[in-house]
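Notes to accompany the following structure.
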Amino acid sequence: ILKSMQRTGVRQLLALSKLEIDSKYYETDILVIGGSTDLKFNGTYFEGDLSGITTSQIPIWLQRFCKPGKKIAKAPDWDSKLDEIVHRAKDWNVGVIVGVPAWIQLLMEKTIAHYQVKTIHDIWPNLKIFVHGGVSFKPYKRGFEKLLEEPIHYMETYLASEGFIAFQDKPKHSAMKLVLNNGIFYEFIPFTNKNFNMSGDLCANPETLKIDEVKEGQEYALLLSTNAGAWRYLIGDVIEFTNAREVEIVIKGRTKHFLSLCGEHLSLDNMNEALEMTASQLNVTVKEFTVCGESYDTLFAHHWYIGTDDPVNQGRFRKILDKNLMSLNDDYRVERSAALKEVLVEFLPTSLFYSWMSSQGKAGGQHKFPRVLNGDRQKHWNDFIAAKRNPAE
């Protein structure tokens, strides 16, 4: 599987040639921000974050271009790693950054503040490409671009622990190309009430389709069988084909990252798009968010926690967000006049989201803040926020 990932990684590198940029940019540094490459041996095998494993397997011919270097990449502590990267940033000629949007944005903010400059291009004038994955970039894009002096190219990847599934191989093209011939066999389960229950769990005897049976515009959950030994594994992601002939896909969300307390069927894609629309309309930078389903009197409510450091009118934000969600999702619109009685919006400092991740042992690297919290994680989050509000207690 590591060799398969390397081959697909090289294919994505070659796709950079389709970008309209000067050849000199291919001689710049590639900054890869991921988990620690210092893998732990448990007596049987070495283990660690996927990003740490793949970074440690970068081909020799590419290593001379890669930053932050082996010593910093091995550091297990995320905060000290971040500080060291900021300290060394002025010594590098970074043209490409690779990483999860939230942590890359945090790194750029720290770098700009440390050197007291206006944008990241004052430190890295040749920065032209950001390769991202793991979460939708939509909620981050507005805040991200405030840190830039000039536009850059964005390229999305779909790299999971189970394999390198897809990558964006066309500039200014939102879809990614599914990798069909490199160690993964795919099956597709229509993401419908027939195949999945209200909690996002797979029903008995679901319908499964092969690649020649899929249709554009239909949402599918992915089953993977891989050359690493996974067998019909439900990865938990939901995709949609935008071009079945060219096997081009977009990620719509997760089988469990949706809210349907009373039939509103609110998907992660709906949440991302509505939040992006709202932030744009109010000129607000949203850096993180999560949503919880709650009881409200005898019915239900959605509780949005929004991470922003901008001043914002809470009532206006809530009203516009609710309106945008209703315009995107008919089921949600119907339930807002029925069982979904309230939408609650609470603004929090962005640092609280990062602190909670640290408290869960998931700071930095490839870790992403969950967009929907339920069960134990929802309780932990509520307890964490309550403790921050009332530290004396």
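Where a number appears in this text, it was derived from the coordinates with a stated rule and is not lab data. Bear in mind that the values here come from a model prediction, so they are computed numbers and not experimental data. Cβ coordinates were reconstructed from backbone atoms using ideal geometry, including for glycine residues, and neighbour counts include every protein chain displayed.
For the chain, what are the per-bin percents of Cα-Cα distances with bins 20 Å wide, up to the bin holding the maximum?
All Cα pairs considered, the percentages come to 25, 59, 15, 0.
Treating cross-link reach as a plain straight distance, find the aspartates and glutamates whose alpha-carbon is under 15 Å from the alpha-carbon of K40, omitting any fewer than eight places away in the same chain.
D49, D77
Separation between the A113 and S280 pseudo-spin-labels, each 7 Å from Cα along Cα→Cβ, expressed in nm?
2.9 nm
Report the FRET efficiency, 1/(1 + (r/R0)^6), for D122 and K172, where r is their Cβ-Cβ distance and R0 is 30 Å, rounded to 0.05.
On the way: r = 26 Å, r/R0 = 0.87.
Step by step, r from the Cβ atoms, then E = 0.70.
Can you tell me which of 60-68, 128-136 comes out highest on packing, and rank the rest after it, using the mean Cβ neighbours within 10 Å? Display every interim value, and only then the final one.
Numbers: 60-68: 13.2, 128-136: 21.2.
The most tightly packed comes first, giving 128-136, 60-68.
Per 0.36 nm of contour for each residue apart, how much would the distance between L2 and S327 grow if the chain were fully extended, relative to their Cα-Cα spacing? Write out the running numbers ahead of the final one.
On the way: separation 325, 0.36 × 325 = 117.00 nm, distance 4.34 nm.
Contour length minus Cα-Cα distance gives 112.7 nm.
Which of the lysines could be linked to K177 by a straight reach, that is with a Cα gap under 18 Å, when you skip same-chain ones fewer than 8 residues away?
Of all the lysines, those that pass the test against K177 - Cα under 18 Å, at least 8 places apart if same chain - are K18, K210, K215, K252.
If you stretched the chain out fully between N93 and F384, how much longer would it get, using 0.36 nm times the residue separation minus the C-alpha to C-alpha distance? Write down the numbers at each step before the final one.
Working: separation 291, 0.36 × 291 = 104.76 nm, distance 4.01 nm.
Extra length from N93 to F384 when fully extended: 100.7 nm.
Rounded, prolate or oblate for segment 24-87? Axes are the square roots of the Cα gyration tensor eigenvalues, ordered a ≥ b ≥ c, and the cut-off for rounded is a/c under 1.5. Don't skip to the end; give the middle numbers.
Working: a/c = 3.03, a/b = 1.44, b/c = 2.10.
Since a/c reaches 1.5 but b/c is at least a/b, the shape of segment 24-87 is classed as oblate.
Could you calculate the FRET efficiency of E145 with E20 from 1/(1 + (r/R0)^6), where r is the beta carbon distance between them and R0 is 22 Å, rounded to 0.05?
Details: r = 19 Å, r/R0 = 0.87.
Using R0 = 22 Å, I get an efficiency of 0.70.
Under the rule of -39500 (n - 2.57) per DSSP H run of 4 or more residues, summed and divided by the residues of the chain, what mean residue ellipticity at 222 nm is obtained, to the nearest 500 deg cm²/dmol? Before the final figure, lay out the partial values.
Numbers: 12 runs with 124 residues, N = 393.
Taking each H run of at least 4 residues, the total per residue is -9500 deg cm²/dmol.
How high is the FRET efficiency between N243 and T208 when r is their beta carbon distance and R₀ equals 22 Å, given to the nearest 0.05? Please list the in-between numbers first.
Numbers: r = 22 Å, r/R0 = 0.98.
The pair N243/T208 has a calculated efficiency of 0.55.
Cα-Cα over 29 Å: which of K3/K170; K3/K256; K24/K287; K172/K319; K71/K172? Walk me through the numbers before you get to the answer.
Details: K3/K170 24 Å; K3/K256 31 Å; K24/K287 33 Å; K172/K319 32 Å; K71/K172 35 Å.
Violating the 29 Å Cα-Cα cut-off are K3/K256; K24/K287; K172/K319; K71/K172.
Could you derive backbone 3J(HN,Hα) for segment 278-285 from the dihedral phi with the Karplus parameters 6.51, -1.76 and 1.60 (θ = phi - 60°), listing whole Hz in sequence and x where the residue is Gly or Pro?
5, 4, 5, 5, 9, 6, 10, 9
Given H placed on each backbone N at 1.01 Å, which residues far from F289 in sequence or on other chains put an amide H within less than 5 Å of it?
G307
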